[in-house]
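The values are calculated or read from the model by the stated rules, or taken from the named source; none is laboratory data. Small disclaimer: the values here were computed from a predicted structure and weren't measured. Here the Cβ positions follow ideal geometry from the backbone for every residue, glycine too, while neighbour counts run over all protein chains shown. Calculation scope for accessible area: heavy atoms of the full protein, side chains included, ligands and nucleic acids excluded. Shrake-Rupley method; radii C 1.70, N 1.55, O 1.52, S 1.80 Å.
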Amino acid sequence: MSLNVLIIEDESAIADTLIYACDEANIQTTHYLLGHQGVEAIAKTHYDFVILDVGLPDISGFDVCKEIRKTSQVPILFLTARNHEIDRIVGLEIGADDYVTKPFSPREVVARIHAILRRSQQTAPKEVTNTQFEIDEEASRIQYMGQTLTLTRYEYLLLKTLIKKPKRVYARNQLMDIVWVDAEDTLERTVDAHIKTIRSKLRAINASTSEIVTHRGMGYSLTS
Ligand code: CA
């Protein structure tokens, strides 16, 4: 099934290049020139992705984004022409997923769509049955029994992976594939070393913790 992307952009020439590039990549598009049209469309129809211009003639792209976020977690990619807009987007106070600056390559935008969708699918399941943990994705922080853990990037990614699927047993090489982008250079022992430091951080909060279970010869899982 092909993707359905909503484009909200008042400059037809820019929209046309995006529509063309999406078309070539087998992605369906719907295009609106005005912000309020986009907001209405989102309320009625399911879209897999939104490309949203910041500078729209009726309401700003930021306000469109806020409206969309009231009801939908659809990934949003901003198109921006001005540097000062980037600060607001990057601050992520408005809940956008990414941005590209004009002028941009339409193919780059298509690549970005795929990358963002992959990322959001990986983090999609929000059901966390182990209630001892709480993940704050935007801050890349995890709380354990109400206390924030001080984790390195890899520890965070590793623990997050386990928390998302309690009871699922991950082999070390699976964890490496998920967490380490450049996994080939990394020894499986690295996973063990990081699991060890995560455990000691959990133990600092709860001495009798046994949240992370080692499965001999297999890997690790989180208890639920
Ligand atoms: Ca514009």
Next item on the list: Only residues in region 34-59 that are among the hydroxyl-bearing types (Ser, Thr, Tyr) count as the first member; pair them with residues that are within 16 Å of the ligand (Cβ to nearest atom), Cβ under 6 angstrom, at least 6 apart or cross-chain, and list the lot.
Entry: 47/6
Next item on the list: Exactly one condition in (1) modelled with pLDDT of 85 or more; (2) surrounded by 15 or more Cβ atoms within 10 Å (Cβ to Cβ) is not met by residue 196; state its number.
Entry: (2)
Note to self: Here is a check on your reading of the model: is residue 102 at pLDDT below 90 and more than 13 Å from the ligand (Cβ to nearest atom)?
What the structure shows: no
Check: If you take the residues of region 1-21 that are away from the ligand (no atom under 16 Å from the Cβ) and either hydrophobic (A, V, I, L, M, F, W, C) or outside any strand (DSSP E or B) (or both), which of them is modelled with the lowest pLDDT?
Finding: 1
Margin query: Conditions first: (1) within 13 Å of the ligand (Cβ to nearest atom); (2) of a type in the set (Ser, Thr, Tyr); (3) at pLDDT below 95. Residue 72 passes all but one, so which condition is the exception?
Written below: (1)
Checklist line | Residues satisfying the stated conditions in region 22-62, i.e. away from the ligand (no atom under 13 Å from the Cβ), part of a loop (DSSP other than H, G, I, E, B) and open to solvent by less than 60 Å² (accessible area, probe 1.4 Å) | finding: 25, 27, 47, 48
Check: Any idea which of (1) over 21 Å from residue 121 (Cβ atoms); (2) open to solvent by less than 40 Å² (accessible area, probe 1.4 Å) is the one residue 68 doesn't satisfy?
Finding: (1)
Notebook entry, point to check: What are the residues in region 113-140 that are modelled with pLDDT under 85, surrounded by 15 or more Cβ atoms within 10 Å (Cβ to Cβ) and over 30 Å from residue 26 (Cβ atoms), if any?
Noted result: 128, 130
Margin query: Looking only at region 141-159, filter to residues that are free of Cβ contacts under 8 Å to residues at least 40 places away in the same chain and surrounded by fewer than 19 Cβ atoms within 10 Å (Cβ to Cβ); which one of those is nearest to residue 173 (Cα to Cα)?
Written below: 157
